1. Want the number for residue 73 to residue 86: 0.36 nm per residue separation, take away the alpha-carbon distance, what's left?
2. Which percent, to the nearest 5, of DSSP beta bridges fully inside the chain are antiparallel?
3. Which ³J(HN,Hα) values, rounded to whole Hz and listed in residue order, are derived for the range 141-152 from phi using the Karplus coefficients 6.51, -1.76 and 1.60 in 6.51 cos²θ - 1.76 cosθ + 1.60 with θ = phi - 60°, glycine and proline given as x?
4. I want to check the label-to-label distance for residue 137 and residue 151. Put each point 7 Å from Cα in the C-beta direction and report it in nm to one decimal.
5. Which order do 11, 149 fall in if you start with the one that has the fewest other Cβ atoms within 10 Å?
6. If the chain between residue 22 and residue 45 were fully stretched, how many nm would it gain, using 0.36 nm times the residue separation less the Cα-Cα distance?
7. Sorted by average packing, counted as other Cβ atoms within 10 angstrom per residue and highest first, what order do 108-114, 12-18 take?
8. Say R0 is 25 Å: what FRET efficiency, to the nearest 0.05, do residue 115 and residue 61 get from their beta-carbon distance?
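A short reminder: the numbers here are calculations on the coordinates, not readings from a lab. These numbers were taken from a predicted model, which means no experiment stands behind them. Every residue, glycine among them, receives a Cβ derived from its backbone with ideal geometry; neighbour counts consider all protein chains shown.
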Amino acid sequence: MKAAGNDRLRWGVLTDLAGVELSRTKVIGAAHETLRGLRPIERTSVDHLALISDVVSAISTEARLRGVRVDLALPDSCRGIFFDGARCRDALTGLLQCLLALAPRAGTVIGVNAQIPSIRPALIVECLLHESDPELNPEALARFFEAGWREHPCGPHGGPILAVLAQTARAHGGRVDVKVVAKGCLVTLVVPRLDG
């Protein structure tokens, strides 16, 4: 911080960088606690619109610093969801942090689309890293949610963070998958809707 001196712009950037590192450290710590079984599932009624908005807000500073735009699409209405909001929030924040690490350059766009269809109600969150070529070969796709993969394309903490995303989805009776699509890399989380 001494390097910033009295320069307000430098102070702002350093403060933002410190906030990003703190957010990443929090998500990594929560992931390791979950993997060690220290965070059991605690279902409550959750406003999914607020949860997804909080997740996007949590990564907005890092996205801005990296020059990545996050486009958020939410449904007009909120329907009751009964799941572990804290674990889902941390898991989705970690996912978006991982996608930011995959973003190849400034100007990249991450689209976040959340919906609850009326047939077979579930919370579906699709995160698309647009116009990227994130070197996700078949092995990388197969190991994307593997906790012990140290050479993860999202960095050394990508494996544990994404393993927790998969574990959280399964614990709620849902699923998560990743695939390379024409426009980039798509990760889809599905959590069945359970009324409290």
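1. Result: 2.6 nm gained on full extension.
2. Looking only at bridges with both residues in the chain, the antiparallel portion is about 85 percent.
3. 5, 5, 9, 3, 9, 8, 4, x, 7, 6, 9, 4
4. A separation of 0.8 nm, rounded to one decimal place.
5. On the way: 11 13, 149 19.
Placing the least packed residue first, the sequence is 11, 149.
6. That works out to 5.5 nm of additional length.
7. Details: 108-114: 19.7, 12-18: 12.7.
With the highest mean Cβ count within 10 Å placed first, the list reads 108-114, 12-18.
8. Computed FRET efficiency for residue 115 and residue 61 comes out at 0.45.
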